[in-house]
Amino acid sequence: MRLLPSDRPPQTLRRLAWSAVAGLLVGLLLARGVVTLVLALLPPEQPYLRALVGTLGALLSVILGFSLSGALSTRGLPLIRLGLGRSQARARAALAAGSTAGLLVLPAAGLLALAGAYHEGALGPALGRLQLALGLGGLGGAYGAISGAVLGLLTVRAAKVWRPALGGLLGFGGVGLLAGAGLGSARLPDLLAGGSGALLAVLTAFLVIAQVAGDWLIARGIDAAADSPADRAEDRQLKLTVATVGLVTLGIWGLAQDAVTFVQSRPSDAQPLAVPTRPGPGCPAPADPLERAAWQVTTDSGRPDYSCGNAFVGFLHVPAPDPAFSDQPATPAGGYDGLAAQIRGARREVLLAVMEWDDTPEPGGVLARAVAALYAQVQAQPWRYPDGVTVRISLGNFPLPGTLEWGTQVYGAARALITAGVPFSDPARRWQVEVANYAGTFPHSHAKLLVTDGEALTVMGFNVGPLHLPSATTGGRGGDLRDLAVQVRGPVAADGLNVFDDLWARSRRLTCPPGIRPAAVDSCTLSELAKPDHPQGTDQFPLREAGEDRVFSLYRRAGFQAADAAVVGMIDAAQAHIDLMHVSFSMRLRCNLALLNPALCRPDDALPWMSALVRAAGRGVSIRALLYEQGLLGLENRIGVAGLRQMLRAQGLDHRLEVRWFPGPLHAKTMLVDGRLLVVGSQNLHYSSWEPRGLNEYSLATSAPAATTSYAREFALFWGRSSRAELPDWLKLDRP
């Protein structure tokens, strides 16, 4: 028996193509309707829940669309020749297509990982652009093999299922290879320049061609397998297949439940940041309007004023300082060597908080070896450490949405410490090392700071990961991702200590068996919430002035948005110019849908800082922004720039804004106002950092002349090397 008529292949292909187009259109229309409904029903204050429910609804829409495509494809795949009725054929084809489409989340997640590997060159330079082609071909092949196997199990006996599975692998995999080769030779800005219509056309063409090629070869596989009526799938096989599909569906539902729990997890205590008990050094109220804007926020509700008597120590640059703007010598690990020096110089306490600690040898090893060197000093010269030393490392519980896991990087930090020979406890020397992980998922903690002895404070924009290392000195393992940290000494470190305590009290301690080896770190467990005490008494020492610089401590999390108010206040106090160097420049989450319909993003979707920039432009302030160009963030940045331009254009102020793309990878979060007040830290100009239930963030603002002058040189250098940010014509948010 032969399934496909050999004399009518063009007609068969046309029917397969129309069925694929129909299923795609239905899926897109349903997805758009679901997303619109989610945006209308769920409150804007829960952006991550909106994103999750919208994604699940869109996935269900895709499943229904593919099911329709499968049902319609039976006109091109006459399954009734296997002895099936028309309704039976449609039901089985719909079940096969729909259940396989339900696994689209797997290749989608794989594509995200693949894009990162391709962008970072993780597979090495030898493959070049073949990385994307091979990856997309492999993902497409896996999807096709599953699709062919499911339809084969519903039509032919199990011994011959390999034929349609092979057909699906070759069909979908072949189209994936070709698409990957094409995408590998294109850049995101080039794709965006064609507009949403062009992007949708490319996506449609890819899906339709893949569906036609895959279904055609799957059908040929079934055709080749169906030599006689005895080759038809038995009832028992059908029941087992349907039951398996049902179990997979339950598994997806369970995954969805885990996802909801993942998104809704919150720290146990959402009270405002505690008010430090130590009085400030008696700072006079600042006369500078910019300083006063930050001062009014940081001293609100009776909070002590720690802003005066501080000293700007310097910047830490990653991947390395540039001699064009800095006289700091380049070191193998860049800014991480500066953090290591601060750790080694501690006498009582080391408090380090970062969002990520990548489980790779470097740069985590640089910091772990610094802790080991500090312990060696405690052993060799105990009289210099009469109170002992406490080292605490707090991880931000960075979530991994692809696997719905969080908390895994805390094990990487512990592994690095153990590998470096750091003991977690030495009671005889009052030496104690503790590692903890933040208790919330969305929001997790994005704050990054290092406090030593309650006197020295470093606030970073960068995590502990190889992307920030220089590629030239790491054999290509580094990502040259540009960022910086600011180092200060003085009373403001007391507020940095208070911020760390806030993070520590919302984190769970990692408990490990005595004598554990690096390979067994995964057997450690996260236990009770950590206790924010200070065995060496660093939270009670009298404050000591270190200089004459003003430095303001800016923290935010759910329940405490002081940093947001301070940034807006500083922008509102600007009189001349604002320079921004930021990795993110977004509007609210719903504006990402401007890719499909620019009208979905409105001026009231602007975040508070963006509205403040519009007000500043109205006072004659000039705004320059150096932004990241590539990837999803680059897309969000384009939408954000378009939204800001729309609001400025409505008031005849668009000439006040100039935007350029940073010349390379960028991760910085910095702002210089009127050349007199500088903000450096972790807070992005992104909805995740500005929503009421958004991320934990920490920054410092300083008017120290040495800091503002040095940063101005750095900004000027990169501004001169950058290119003007041109937006695609289709991204016009001011269309009628």
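Here, each number is a calculation from the coordinates, and none is a lab measurement. What you see is a predicted model, and the numbers here were worked out from it, not measured in a lab. Note: ideal-geometry Cβ built from the backbone for every residue, glycine included; neighbour counts use all protein chains shown.
Please give the Cα centre distance for region 678-709 versus region 336-371, rounded to the nearest Å. First find each Cα centre; the distance between them is then 22 Å. The ranking of 66, 560 from fewest to most other beta carbons within 10 Å of each one's beta carbon is 560, 66.
Taking the square roots of five times each eigenvalue of the Cα gyration tensor of region 269-310, the equivalent ellipsoid has semi-axes of 20, 13, 7 Å, listed largest first. What percentages make up the Cα-Cα pair-distance distribution of region 562-724 when the bins are 10 Å wide from 0? Percent of Cα pairs in each bin: 11, 42, 39, 8, 0.
The percentage of C-alpha pairs in region 354-434 whose separation is greater than 22 Å is 31%. Computed on the Cα trace of region 632-716, the radius of gyration divided by the Kirkwood hydrodynamic radius gives Rg/Rh = 0.99.
When peptides 207-216, 354-363, 456-465 are sorted by average Cβ neighbour count within 10 Å, with the highest value leading, the order is 456-465, 207-216, 354-363.
Peptide packing: for 685-698, 427-440, 483-496, the average count of neighbouring Cβ atoms within 10 Å per residue gives the ranking 483-496, 685-698, 427-440, highest mean first.
Sorting check: for 618-626, 578-586, 539-547, 289-297, which peptide has the highest mean count of neighbouring beta carbons within 10 Å, and how do the rest follow?
Going from most to least packed, we get 578-586, 289-297, 618-626, 539-547.
Couplings 3J(HN,Hα) of region 380-393, computed from phi: 7, 10, x, 5, 7, 10, x, 8, x, 9, 10, 10, 10, 10 Hz, in residue order, whole Hz [Karplus 6.51 cos²θ - 1.76 cosθ + 1.60, θ = phi - 60°; x for Gly and Pro].
Per the Cauchy relation, a quarter of the hull surface: what is the mean projected area of the convex hull of the alpha carbons in region 308-549, in nm²?
Answer in nm², one decimal: 13.7.
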